[in-house]
Each structure stands twice: as C-alpha cells, then as structure tokens.
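Visitor: Can you keep this structure in mind? I'll have questions shortly.
Laboratory data are not the source of any read-out in this text; all were calculated from the coordinates shown. Not measured: the values here are computed from a predicted model. Note that we place each Cβ from the backbone using ideal geometry, even for glycine, and neighbour counts take in every protein chain shown.
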Ligand SMILES: [Zn+2]
C-alpha cells in the first residue's frame with residue numbers, strides 16, 4: 001500500500017532541504033501493535049469491590065488520595081503488560097528517522113510504556129509529556145527526586161503482600177510513592193513533563209508527524225496549532241478519524257494518512273532514506 005502521493009512527496013522533499021525540525025508526536029495508538037491496550041476502553045476497567053471504575057477515575061490524584069493501594073494495583077498491572085511488550089516497526093522507524101535527522105529531530109510522546117527506549121530512541125531528544133512507568137516519586141511530594149518504578153509484576157486479580165506494600169513507600173518520608181505519570185486531574189508543567197520545552201520545539205518544527213493520538217489532551221493540541229501557525233506541515237497517521245485528522249483535512253498544510261502507524265511510518269522512513 002502506498003500512502004505518499006506525489007504532492008506530499010514534493011512537500012517532504014522541500015522540507016528535507018530546509019533547516020527546520022522534524023518532530024514526531026506519539027500516543028497510545030502507536031503501541032497497540034505491541035499488544036498494549038489504550039486503557040481508554042474495556043481494558044481499562046478496574047473493579048474495586050462491586051464497583052467498576054473507568055481509567056479516567058483510576059488515573060487521578062483524587063483516587064490516589066482515597067485509595068492509594070488500588071491505584072498502585074492498577075498501575076502495577078499496566079506496568080506488567082508494558083514490561084513484557086516489545087517495540088514494533090513503528091517504534092523502530094521513528095528511531096531510524098532520528099538517526100537520519102539527528103539534531104533536527106525531536107520526539108514528544110504521551111506514552112508511558114517505555115517502548116521508544118526499547119527501540120533505542122535517545123533520551124536527550126525525547127520528551128515524556130505524560131511521564132513514564134520507569135519512574136516513581138513521592139506521593140506527598142516531600143522532594144522532587146525520581147525513584148525506580150517498584151518492580152512488582154502484578155496480574156489483574158492479584159493482591160499485594162505486606163512486603164510488596166513496603167516497596168511502595170517513599171525512602172525519605174515513608175508515605176506512599178506514586179507512579180511518575182500525569183494524571184487526568186493534573187496539569188502539565190515544565191519540571192516533570194517538559195511543557196515549555198515542548199512548546200519551544202513546536203515553534204521550530206517544519207514537519208510534525210502525529211502518530212496514534214486522538215488529541216484528547218491540551219498540550220498535543222497546542223503543539224499542533226503552534227506548528228500550523230508557523231506554516232509547518234502536519235501529517236496525522238491514524239486508522240481512525242480523530243480531532244487531528246479533521247483539523248488536517250481543513251488546512252492547506254495538513255494531511256491525514258489513514259493507516260496503521262506500523263505500516264505508514266516505515267514508508268515515510270523509506271522515502272527520506274531515498275533522498
Ligand atoms: Zn516522601
């Protein structure tokens with residue numbers, strides 16, 4: 001299947017010969033081919049007693065404050081899935097694009113699954129705007145130090161042992177640690193989530209590839225708007241219609257490549273390799 005038509009190839013060639021940056025913005029859709037569910041549908045349900053909670057309720061500071069161990073069980077279960085998952089051709093194509101563009105390349109990801117690093121994307125050029133399941137930090141914010149993620153691979157219905165619960169406590173103050181991720185009821189910031197750095201990258205971006213994200217959160221939307229306002233090209237790569245595909249179709253500089261990222265990204269990579 002060919003996703004790139006001649007008009008788009010001309011635009012990409014023109015971009016390539018100029019000095020602006022290639023930025024790739026990735027979301028959960030990129031990792032579905034690696035077997036990681038998006039956690040926004042039925043896979044994200046979590047049952048406590050007789051109550052079913054939605055991901056939007058589990059992944060919140062509010063829930064953590066009320067039921068820290070339930071939130072931890074849910075996150076440890078997700079971590080267990082990520083631990084076993086392997087990067088797919090989409091992740092590897094992104095890594096190769098970084099090799100081609102080097103300092104003209106930035107990766108901004110909403111994914112907390114660590115798969116970009118398993119595919120050897122560099123940490124210096126990658127902005128984890130929703131945090132990472134590789135790290136935890138004090139849930140009481142007694143310091144901003146990041147700790148390793150507790151190595152407790154939990155199955156869905158497994159309970160925590162007393163010894164495992166001890167591993168979930170802050171070494172400094174003894175309160176519970178928390179996953180180092182942005183929760184649904186929290187705001188982006190520079191300190192943990194590279195808000196300002198990401199917006200600076202957007203200003204320098206000549207070509208933005210939007211991969212597998214539905215556009216439900218504000219920072220990705222602001223990045224896309226910033227690129228468009230400076231005559232950058234945006235390409236939405238997604239098999240499903242979404243906020244960004246609709247926006248792309250309305251803009252002169254916007255394109256929607258309707259397909260799986262594990263198929264479209266290798267084709268874009270091959271094109272840049274051929275230049
Ligand atoms: Zn602490």
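Visitor: How large is the direction-averaged shadow of the alpha-carbon convex hull of the stretch 1-146, in nm²?
Guide: Reported value for the Cα convex hull: 11.3 nm².
Visitor: Highest first, please rank the peptides 137-148, 200-211 by the mean number of other Cβ atoms sitting within 10 Å of their residues.
Guide: 200-211, 137-148
Visitor: Relative to the longest principal axis of the C-alpha atoms of the chain, give the angle of the C-alpha long axis of helix 261-274, reported between 0 and 90° and rounded to the nearest 10°.
Guide: 40
Visitor: While we're here: Taking the beta-carbon count within 10 Å as an exposure proxy, list 103, 196 from fewest neighbours to most.
Guide: 103, 196
Visitor: Taking only Cα atoms, what is the 0 to 90° angle, nearest 10, from helix 89-101's long axis to the longest principal axis of the chain?
Guide: 60
Visitor: Then there's this: For an R0 of 35 angstrom, estimate the FRET efficiency from the Cβ-Cβ distance between residue 54 and residue 5 and round to the nearest 0.05.
Guide: 0.30
Visitor: Could you work out how far helix 195-204 tilts from the main Cα principal axis of the chain, as a 0 to 90 degree angle to the nearest 10?
Guide: Its long axis makes an angle of about 10 degrees.
Visitor: Next question, about the same structure. Express in whole angstrom the spacing between the alpha-carbon centres of the stretch 146-212 and the stretch 104-142.
Guide: One Cα centre to the other: 8 Å.
Visitor: Report the FRET efficiency, 1/(1 + (r/R0)^6), for residue 145 and residue 61, where r is their Cβ-Cβ distance and R0 is 22 Å, rounded to 0.05.
Guide: Calculated transfer efficiency: 0.75.
Visitor: Taking only the Cα atoms of the chain, how large is their convex hull per residue, in Å³?
Guide: Spelled out: Cα convex hull of the chain, divided by residues, is 124 Å³.
Visitor: For a quick check: sort 113, 33 by the number of other beta carbons within 10 angstrom, fewest at the front.
Guide: 33, 113
Visitor: Sticking with this one: Name the residues of the stretch 218-260 whose amide N is less than 11 Å from a point 7 angstrom out from the Cα of residue 100 along the C-beta direction?
Guide: Answer for the stretch 218-260: none.
Visitor: When the gyration tensor of the stretch 1-84 is built from Cα positions, what are the square roots of 5 times its three eigenvalues, in whole Å, from largest to smallest?
Guide: 41, 15, 11
Visitor: How high is the relative contact order of the stretch 51-181, given as a whole-number percent (alpha carbon pairs under 8 Å, six or more residues apart)?
Guide: After rounding, I find 24 percent.
Visitor: Same structure again: On average, how much area does the Cα convex hull of the stretch 173-266 cover when viewed from any direction, in nm²?
Guide: 7.8
Visitor: Just subtract the alpha-carbon distance of residue 197 and residue 173 from 0.36 nm times their residue separation and send over the number in nm, one decimal.
Guide: Net length gain for the segment: 5.5 nm.
Visitor: Now, a different point. For the stretch 120-193, state the semi-axes of the equivalent ellipsoid (square roots of 5 times the eigenvalues of the alpha-carbon gyration tensor), sorted largest first and rounded to whole angstrom.
Guide: 23, 16, 12
Visitor: Turning to a different aspect of this structure: What share of the DSSP beta bridges in the chain is antiparallel, in percent to the nearest 5?
Guide: 35
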